[in-house]
Amino acid sequence: MYGSLSPAPEQRWAAALLAAGDRSALSHTSAAAAYGLIAVRAITEVKAPTQRRGDDRLRVRRGTGEITRLRGLRITTVSQTLLDLAAIRWPIDRLTHQAAAASLAQLDDLKVFALDHRGERGAPALLRAVGLPHTRSGWERRFLNWLSGLDELPRPIANDRIGALTVDLHWPERDLVVELDTEQTHGAAWATHRDARRDDYLGRRAKTVRRIEAESFDPDATEAMLRALLA
């Protein structure tokens, strides 16, 4: 029905949504894959308000929930995706903090969502997940280890809250924010648009924002930049 596995999963996802009906949305593991939280799987999972028959490549679950659009496709929000995964006993602790580290969702917002959906299957697991200590990304750990070796530089506050946002690194005395990006979580067009909105939000609060990508990290250039900005 959907052909062979494509290197562009959006084509298969679009075909699955067409098969499941107009009000269907990517959900569960397919939504998590679209957000970059897990690898793309062979089976496409969608939610639809009425029961539809799937096949060996399409699983249709009855339900609705909180829906948004991503790259033109209807998809459950990050909060709804985590709740749905928890409801089928998918382990979400790592995914929850991975979503927060990638700025896909704020832990406080996930907690409110879980509380708003008390009584639903999956809500207790989501509440437990947001209550765990925040796990930094591997890139953030590597950067902080590198930063600790630089003499005479003030240390930042990691995962600091500024208004409605949580930023990766913040030097409040210099109004400097450093966001630590990776191509996997920030390379898509929708992520670039989201990052631009975040930077604009922080700029309106008199913050200087610098983004450092793991894939193009230049230690010498980064050190020179930080020393100039933190002087």
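Table for the structure above
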{"item": "Under the Karplus curve 6.51 cos²θ - 1.76 cosθ + 1.60, θ = phi - 60°, whole-Hz ³J(HN,Hα) for region 43-59, x wherever Gly or Pro sits", "result": "8, 8, 10, 9, 10, 9, x, 10, 5, 10, 7, x, 8, 6, 10, 9, 10"}
{"item": "Expected-Rg normalisation [2.2 N^0.38 Å, Cα atoms] applied to the chain", "result": "1.13"}
{"item": "Region 69-127 - Debye-derived log10 I(q)/I(0), Cα point model, q = 0.14, 0.21, 0.24 Å⁻¹", "result": "-0.35, -0.76, -0.96"}
{"item": "Sequence-distant residues sharing a close amide H with E213 (under 5 Å, placed H)", "result": "D181"}
{"item": "Residues whose placed amide H lies under 5 Å from that of L58, excluding near-sequence neighbours", "result": "T44"}
{"item": "Calculated SAXS-style log₁₀ I(q)/I(0) at q = 0.12, 0.15, 0.18 Å⁻¹ - region 9-131, Debye, Cα scatterers", "result": "-0.39, -0.61, -0.88"}
{"item": "Percent of beta bridges antiparallel (DSSP, the chain, rounded to nearest 5)", "result": "55 percent"}
{"item": "Helix-derived mean residue ellipticity, 222 nm - over the chain, DSSP H n ≥ 4, -39500 (n - 2.57), to 500", "result": "-12500 deg cm²/dmol"}
{"item": "3J(HN,Hα) from dihedral phi, region 199-207, Karplus parametrisation 6.51/-1.76/1.60, rounded to Hz, x for glycine, proline", "result": "5, 5, 4, 5, x, 5, 9, 6, 9"}
{"item": "Distance histogram for region 75-198 (every C-alpha pair counted, 10 angstrom bins, percent rounded to whole numbers)", "result": "12, 39, 33, 13, 3, 0"}
{"item": "Nearest 10 degrees, 0 to 90: helix 78-87 Cα axis against the chain principal axis", "result": "60 degrees"}
{"item": "Ascending count of other beta-carbon atoms within 10 Å, so fewest first, for I75, I212", "result": "I212, I75"}
{"item": "Pairs of alpha carbons in region 37-85 whose separation is greater than 15 Å (percent)", "result": "51 percent"}
{"item": "Pair-distance profile P(r), taking every C-alpha pair of region 138-229, with 5 angstrom steps and integer %", "result": "3, 12, 25, 26, 21, 11, 2, 0"}
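Each value in this text was obtained by applying a stated rule to the coordinates, not by laboratory testing. It should be emphasised that the depicted structure is a prediction, and the values quoted were computed from it without experimental measurement. Heads up, the Cβs are rebuilt from the backbone with ideal geometry, glycines too, and the neighbour counts pull from every protein chain shown.
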